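Data block below; observations after.
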Amino acid sequence: MTYQEFNFDGLVGPNHNYAGLSFGNVASTGNANSTSNPQQAALQGLGKMRKLMSLGIPQGVFAPQQRPHVQALRAIGFQGNDADVMSQALAQAPAIFNACVSASSMWTANAATVSPSPDTADGKVHFSAANLINKFHRSLEHPFTTALLERVFPSQDHFVHHGALPMSDHFGDEGAANHTRFCNGYGSDGVEFFVYGKAAFDGSKPQPQKFPARQTLEASQAVARRHGLSTDRTVYSQQNPDVIDAGVFHNDVISVGNGNALFYHELAFADEAQTKTDLQRAFDDLGEMEFIKVPLAEVPVADAVASYLFNTQLISLNGNMALIAPTECQQTESVYRYLNNLLQQNTAIQHVEYIDVKQSMQNGGGPACLRLRVVLSEQEQAAVNQACVMNETKISALEAWVKQHYRDRVDVADLADPVFVQECNTALDELTQLLQLGSIYPFQQA
């Protein structure tokens, strides 16, 4: 049976904006309230999908979430029609209003954790929507995420959907941004690797002091239990608290894996040696792991964060692997020098493709943030909502849709303008037809 790894990318929404809400994400807070370009952001994302398809990586797409999240504003006491609710919130509680117009759902690496059927006890693909409890604006996402996943992956014969874990910091779950799968072939047994920032019920373990640890050990363990993963092929490792305090808010900002290879920074893990030992032990009867370490002396943590060296996509290509890197990696001297030297070495990584996703980067997310990796067999692929699986014709149709409906400039004041909100809703209504999602948005159900 043939398996492929699909990248399901989050489509940037028409209200793409820089609210600067994510404490601990240096790029996000540094660009707060800047003027954004939703049209360019969406076209850059679609361009990335086209590039990946040209390299042989199957692509899917997820629809953006509706914003403003008027229901959340009503829940905290704002009243009247939608326009009244938005204007009141903007005037009386601008920080909360900004949270309710966040564009963060574009980063689908945080949407869920996915375990493919070769790894699960029941032989089905399991999805667990992330609760994203650490940030109010992101904690609003999981109900729609669950509903969307159920419409993109509808077959109960092949897919199992789990809602978010308990909405408590003890079970803080940030999805696939802290999860990697290793294997020799996508359809073979895999080792699932969970990286956490803190153990919520064990105060003896070190924790970051400046920025929050968003993923807990207990959340990772709960997801593994839900998915029916083998304990022998599941590995947990703590992220280095010091790099969290340096702006590494998710593991995918300091390491990335694919196949049998882990590409990581020297300071990525609290215990590098134990992490490597545990991974190789779990992988033992599958073969040898390849550990590609980026030395601190060659790439400072600050440069890794600024360039998103590890928020690249590590893909299989022509018997080796390639990094899909943001152009910021070219513009950061230490990183560009390191990558050029890496290509001269005998490692699995033999190619680097640079892509422009600047609109996403300025909001705090690189190429890897924009995609959710989903391994599917031929039968499972056939059971996916085919309107959400990309080909050249569909990407072109989405590009035309973006150019028709998206503005090329959005300021903070636009986000509460009823005319702009109606523009966004009109665009999303048409998108649900393009992607055959039905009436999934709240404004369609009102």
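The values are calculated or read from the model by the stated rules, or taken from the named source; none is laboratory data. If you're wondering where the values come from, they're calculated on a predicted model, not measured in any experiment. Every residue, glycine among them, receives a Cβ derived from its backbone with ideal geometry; neighbour counts consider all protein chains shown. The protein model used for the area step is the full one, side chains on, heavy atoms only, and it has no ligands, DNA or RNA in it. Shrake-Rupley method; radii C 1.70, N 1.55, O 1.52, S 1.80 Å.
Applying the Karplus relation 6.51 cos²θ - 1.76 cosθ + 1.60 with θ = phi - 60° to the range 59-69 yields 3J(HN,Hα) values of 10, x, 9, 10, 6, x, 8, 6, 9, x, 8 Hz, where x marks Gly and Pro.
The distance separating the Cα centre of the range 170-226 from that of the range 282-348 comes to 22 Å.
Across the range 72-119 the C-alpha pair distances fall into 5 Å bins from zero in the proportions 5, 19, 21, 12, 11, 10, 7, 6, 5, 4, 1 percent. When only the Cβ of Lys, Arg, Asp and Glu is charged (+1, +1, -1, -1), the dipole of the chain relative to its Cα centre reaches about 460 debye.
Between the amide H of ALA270 and those of GLN238, GLN239, ASN240, distances stay under 5 Å, these residues lying 5 or more places away or on another chain, with hydrogens modeled in the peptide plane. Rolling a 1.4 Å probe over the protein heavy atoms gives the chain an accessible area of 36 Å² per residue. For LYS358, the lysines whose Cα falls under 20 Å of its own Cα, not counting residues fewer than eight places away in the same chain, are LYS48, LYS51, LYS403. Put a plus charge on the Cβ of each Lys and Arg, a minus charge on the Cβ of each Asp and Glu, and nothing anywhere else: the dipole of the range 186-245 about its Cα centre is then about 180 debye.
Remark: the range 214-280 carries a charge dipole of roughly 380 debye about the Cα centre, counting +1 on each Lys and Arg Cβ and -1 on each Asp and Glu Cβ. Kirkwood hydrodynamic radius computed over the range 210-275 comes to 13.0 Å, based on all pairs of distinct alpha carbons. Taking the Kirkwood radius as Rh and the Cα radius of gyration as Rg, the range 316-392 has a ratio of Rg/Rh equal to 1.07. Just so you know, the averaged projected area of the alpha carbon convex hull for the range 250-407 sits at 11.9 nm². DSSP finds beta bridges in the range 315-424, and of those with both partners inside it, around 35 percent are antiparallel. By the rule of a C-alpha distance below 21 Å, with chain neighbours fewer than 8 residues away ignored, the lysines paired with LYS276 are LYS198, LYS205, LYS293. For ILE355, the residues 5 or more places off, or on other chains, whose built amide H falls under 5 Å of its own are ALA325, THR327. Ordered by 1.4 Å accessible area with all protein chains kept, VAL85, VAL412 run largest first as VAL412, VAL85.
Annotation note: trypsin sites (Lys or Arg not before Pro) in the range 323-413 located in DSSP loop regions with a Cβ neighbour count of at most 11 within 10 Å are ARG409.
Within the chain, what is the longest stretch that has no chymotrypsin sites (Phe, Trp or Tyr not before Pro) placed in a DSSP loop and near at most 15 other beta-carbon atoms within 10 Å? Between exposed loop sites, the widest span is 202-446.
Across the range 191-205, rounded Karplus estimates of 3J(HN,Hα) from the backbone phi angles (6.51 cos²θ - 1.76 cosθ + 1.60, θ = phi - 60°) give 10, 9, 10, 10, 10, 10, x, 7, 9, 5, 9, 10, x, 7, 7 Hz, Gly and Pro being marked x.
For the chain, give me the percentage of DSSP beta bridges that are antiparallel, rounded to the nearest 5 percent. Mind dumping the intermediate values first?
Numbers: 29 of 54 bridges.
Counting only bridges with both partners in the chain, antiparallel ones make up about 55 percent.
The residues neighbouring THR35, those whose beta-carbon lies less than 12 Å from its own, together hold a net charge of -1 under the Lys/Arg +1, Asp/Glu -1 convention.
Surface composition of the range 230-357: carbon plus sulfur atoms hold 44% of the accessible area, using a 1.4 angstrom probe and ignoring ligands, DNA and RNA. For the range 112-183, the carbon plus sulfur part of the accessible surface works out to 52%, probe radius 1.4 Å. Of the residues CYS388, TYR441, THR426, the one whose Cα sits farthest towards the positive end of the charge dipole of the range 381-446 is CYS388 (charges of +1 on Lys and Arg Cβ, -1 on Asp and Glu Cβ, taken about the Cα centre). Counted by Cβ distance under 13 Å from LYS210, the other residues give a net charge of -2, where Lys and Arg count +1 and Asp and Glu count -1.
For the chain, the equivalent ellipsoid built from the Cα gyration tensor has semi-axes of 32, 24, 23 Å, listed from largest to smallest.
Return the Rg/Rh value of the range 325-446, two decimal places, where both radii are evaluated on C-alpha atoms and Rh is the Kirkwood radius.
Taking Rg over the Kirkwood Rh, I get 1.06.
Ranking of ASP417, ASP157 by solvent-accessible surface, largest first: ASP157, ASP417 (1.4 Å probe, protein heavy atoms only, all chains present). Across all C-alpha atoms in the range 96-244, the radius of gyration and Dmax reach 15.4, 47 Å.
The phi torsions of the range 168-174, fed into the Karplus equation with coefficients 6.51, -1.76 and 1.60 and a -60° offset, translate into couplings of 9, 4, 5, 10, x, 10, 10 Hz, rounded to whole numbers, with Gly and Pro shown as x. Separation of the range 400-438 from the range 69-130 is 17 Å, based on Cα centroids.
Its convex hull of Cα atoms gives the range 33-157 a direction-averaged projected area, equal to a quarter of the hull surface, of 10.4 nm².
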